[in-house]
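Engineer: For reference, the structure I am asking about is given below.
The values are calculated or read from the model by the stated rules, or taken from the named source; none is laboratory data. Just so it is clear, the structure is predicted and the values come from calculations on it, not from any experiment. Every residue, glycine among them, receives a Cβ derived from its backbone with ideal geometry; neighbour counts consider all protein chains shown.
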Amino acid sequence: GGQESESDEEERVEDETLRRDEHKKNGIAVASERMGKRETAVSSMEKAKGGKQTSSLKLDLPFKIDAPANMDELRKLFEGLSNEDIIEAVRRIRVCNAIPLAAENRKKTQVFYGLLLQYFATLANEKPLNFQLLNLLVKPLMEMSAEIPYFSAICARERILRTRTKFCEDVKDPEKSCWPSLKTLFLLRLWSMIFPCSDFRHAVMTPAILLMVEYLMRCPVLSVRDAAVGSFLCSIVLSVTKQSQKFCPEALMFLKALLLAAMEKDPGSFQGSQFDHLIELKMPMPLLHMQEPVKEVKPLHFLKIMNLTEDAASFNTDGFRASVLMSVVDTLGGFVDIYKELKAFPEIFLPMSQVLTKVGEQQKMPECLREKLTEVSKLIRTKVEDHHKFRRPLQMRKQKLVPIKLLNPKFEENYVKGRDYDPDRVRAERRKLQKLHKKEAKGAQRELRKDNYFLLGVKETEKLRQEEERAEMYGKAKAFLQEQEHAYKSGQLGKGSKRKR
């Protein structure tokens, strides 16, 4: 009974803690004090009764956590914490610095998102790989990308551009490995989950897809490990194109090249595609050809492959080659499934079906892999037959026959200029009326122009008459004023009756 009451008390404390996370900023300090008191009480109860701690979260993890401003603060915060504690710390940082609480929190969220993305990329390069923590970080990164979509797209695009710039420099050195690192592969997979892959043109996914297919086209396959990395990259391309239904010939050509690398004889007779010359660097030798029979084909564990060195002995075993071939065939089957509605399906996949058949006929091929090769080859042939069944030969467009228009000249012996010789009297009468109407319209226009000229002359005459009357009136007024001025100056105006003594 005591243990049940103790567990009920702990569950109640955790429920209250989760409810307080949604409070406003002004209530965070009070909630922190109460949570500290309750956690202290729970810890004292566990120590007194010798019970086992049910929660994996550390009790000294603060409730209110400020968003880190740089990478050093983030590492210091996550140092010594378990995976669950790190995810809980990320959640508390997001709750305490949520964008609706204050205007300045948007800038803090953007900085924290960039740091968390950098932390995700750093984890992907560490050995041993903490795959569980990487999986747990995907959810908060996706949720934060939805809150700040423009900033997250800028971060992703800039990283993609820097990665491609580095790749273009590395591909010039033949002794340097050009294949993407585990960090780049995980980031590409993360962005394919965050951003929409079905858009015709996207600011992030379009350059990301172009970068992936450029890896497939330009990177040389010099070892079985490179073939395994390329097959994994093809599976990422498959997951992206499955949503958009876009055709990706680079992945298909790379898978075909890996299948040709498993053949014992010279595979040159099968390289008849018009796109084969686009591959910049091909495999110099049949790397995936098996020397000894393999009893069991194990699934390809990609994380273990990336943790091993390039010269590891396990890469040169026939079992590893069989695992790579199994991954290649599975990926090719996925492409067959998503491209089955293409009109050019027979022309694309029928040569691959022949290669699959030839690879499966080899004596040292494992039985399970042989069955898989035969299954995919039969699937391709079935789809090809269905396409051929519904195809129809090209036909000209059906339309009503139109006779050629013939113009026979007609001559009149007694031709009179101006006379209408049209045998259709209705049409001739209509043409005559149209000509008469045009003539009357021209006459009306002529009369209107004459009337306009006449009215204009009348207006000009009236205007000249008014100007003459105005000039005459002005002259009379001016003469009168001059006479008055002269009389005033000569003393005759009002001074004639009085004289000086």
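Engineer: Looking only at the range 93-110, count how many residues are β-branched (Val, Ile, Thr) and more than 21 Å from residue 61 (Cβ to Cβ).
Structural biologist: So the count comes out to 1.
Engineer: Here is a further query. Within the range 113-120, is there a residue that is free of Cβ contacts under 8 Å to residues at least 12 places away in the same chain and either surrounded by fewer than 16 Cβ atoms within 10 Å (Cβ to Cβ) or under 20 Å from residue 182 (Cβ atoms) (or both)?
Structural biologist: Within the range 113-120, none of the residues are free of Cβ contacts under 8 Å to residues at least 12 places away in the same chain and either surrounded by fewer than 16 Cβ atoms within 10 Å (Cβ to Cβ) or under 20 Å from residue 182 (Cβ atoms) (or both).
Engineer: Which numbered condition trips up residue 107, out of (1) among the charged types (D, E, K, R); (2) closer than 18 Å to residue 69 by Cα; (3) surrounded by 17 or more Cβ atoms within 10 Å (Cβ to Cβ)?
Structural biologist: (3)
Engineer: Can you list residue pairs whose Cβ atoms sit under 9 Å apart, with the first residue in the range 369-392 being closer than 19 Å to residue 288 by Cα and the second being outside any helix (DSSP H, G or I) and among the β-branched types (Val, Ile, Thr)? Count only pairs 6 or more apart in sequence or on different chains.
Structural biologist: 369/294; 369/297; 372/297
Engineer: So, residue 74, is that one at pLDDT 90 or above and crowded, with 17+ Cβ neighbours inside 10 Å or not?
Structural biologist: No, not satisfied.
Engineer: When the range 170-197 is examined, which residues are found to be touching a Lys or Arg at 6+ places or on another chain (Cβ under 9 Å), surrounded by fewer than 20 Cβ atoms within 10 Å (Cβ to Cβ) and assigned to a helix (DSSP H, G or I)?
Structural biologist: If the condition is that a residue be touching a Lys or Arg at 6+ places or on another chain (Cβ under 9 Å), surrounded by fewer than 20 Cβ atoms within 10 Å (Cβ to Cβ) and assigned to a helix (DSSP H, G or I), then 170 is the only one that fits.
Engineer: Now for a separate question. Of all residues in the range 345-380, which are of a type in the set (S, T, N, Q) and in contact with a Leu (Cβ under 6 Å, 6 or more places away or on another chain)?
Structural biologist: 377
Table: residues versus (1) in contact with a strand residue (DSSP E or B) (Cβ under 9 Å, 6 or more places away or on another chain); (2) at pLDDT below 95; (3) more than 30 Å from residue 411 (Cα to Cα); (4) not charged (D, E, K, R).
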position: 424; (1), (2), (3), (4): no, yes, no, no
position: 431; (1), (2), (3), (4): no, yes, no, no
position: 483; (1), (2), (3), (4): no, yes, yes, no
position: 487; (1), (2), (3), (4): no, yes, yes, yes
position: 490; (1), (2), (3), (4): no, yes, yes, yes
position: 493; (1), (2), (3), (4): no, yes, yes, yes
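Residues checked against (1) closer than 19 Å to residue 206 by Cα; (2) assigned to a loop (DSSP other than H, G, I, E, B); (3) at pLDDT below 85:
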| site | (1), (2), (3) |
| --- | --- |
| 243 | yes, no, yes |
| 256 | no, no, no |
| 273 | no, yes, yes |
| 277 | no, no, yes |
